[in-house]
Amino acid sequence: MPELPEVETVRRTLQQKLAGLKFTDVQIFLPKIVRTPDPGEFRKTITDKKIIRISRRGKYLLVCLSSSHTLVVHLRMTGRLIYSESDGPPPKYTHAIFHLDNGARLYFADMRQFGQMWLVPVSSLDDLAGYKKLGVEPLDDLFTRDYLKKQLRRRHARIKSLLLDQTFIAGLGNIYTDEVLHRARINPERLATTLTPREIARLYHAIRDVLQESIENRGTSVRDFVDGNGQAGKYQEHLRVYGREGKPCPCCGEKIVRKKVGGRSSYFCPSCQKY
Ligand SMILES: [Zn+2]
């Protein structure tokens, strides 16, 4: 599933391509991907709207339009937004085609069909399920060591589950929680309330550093992630634990293990990340 670095990578590529263009039409082949409004109203509202900028909140992409409407996109498992100036056939599993006033197209493709779109006035963004409750943006200035320390004290949960909770911090998924915890040398099953100040400091820096390094590498392509130009990321070459069961830990050589924590698969080093 695309996590914060992948969604941010898509945002950056689409910002370059789309800002300033106008939607001239949209074709929707799979109505269920549009949560609101109905496809007819969706088409009517988006036609002739100018794209002001692309922003991001957690794993949501926000295409801000003239007329103060926002096209909100969540890619979920396998959703892709791909900009193309070629006349060739659309990518496989294309469920919507947005036509642009420079003759190019923006494709929404999704093999698993869990991706979703909403077209709403800016003032109604908070009505979207899950959006209003999103936690702090980990790369924002509001996310400080102190803030993290205070939040951790209030939550009785295993650290892996807590980092995955979008109401705690927005944007982390299974890949980056494992990478962050290895970097911070914290066992995924540790209770958040038991972390020492030193561990919290390491956790804070690990969250910022891992996300930033991944964005610099244009995200992780473990299955099929591509950016807005259809290009894969490179961070999979830098993963230390995720997907590396039985392989040596790059820090100590011990074999990486995989264990279910709170129903989710966790990869960690039993030596660097002792309980
Ligand atoms: Zn190790």
Taking a cut-off of 29 Å between Cα atoms, list the lysines near LYS44, but don't count ones fewer than 8 places away on the same chain. LYS17, LYS22, LYS32, LYS59, LYS92, LYS132
Return the long-range amide H neighbours of SER266 (sequence gap of 5 or more, or a different chain), with a cut-off of under 5 Å between placed amide H atoms. LYS259, LYS260, VAL261
Alpha-carbon centroids, segment 207-248 and segment 97-122: separation in whole Å: 24 Å
Evaluate the distance, in nm, between pseudo-label points positioned 7 Å from the Cα of ARG208 and of ASP146 along their respective Cα→Cβ axes. 1.4 nm
Starting from the Cα gyration tensor of segment 197-275, multiply each eigenvalue by 5, take the square root, and state the resulting semi-axes largest first in whole Å. 24, 17, 12
Plugging the Cβ-Cβ distance of SER265 and SER55 into 1/(1 + (r/R0)^6) at R0 = 41 Å yields, to the nearest 0.05, a FRET efficiency of 0.85
Determine, for each peptide in 64-77, 169-182, the mean count of other beta carbons within 10 angstrom over its residues, then list the peptides with the highest first. 169-182, 64-77
Fewest-first ordering of ASP224, ASP87 by Cβ atoms within 10 Å yields ASP87, ASP224
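Read the figures in this text as sums done on the coordinates, not as results from a lab. Since this is a predicted model, take the numbers as computed values, not measurements. Glycine gets a Cβ as well: all are built from the backbone with ideal geometry, and neighbour counts include every protein chain shown.
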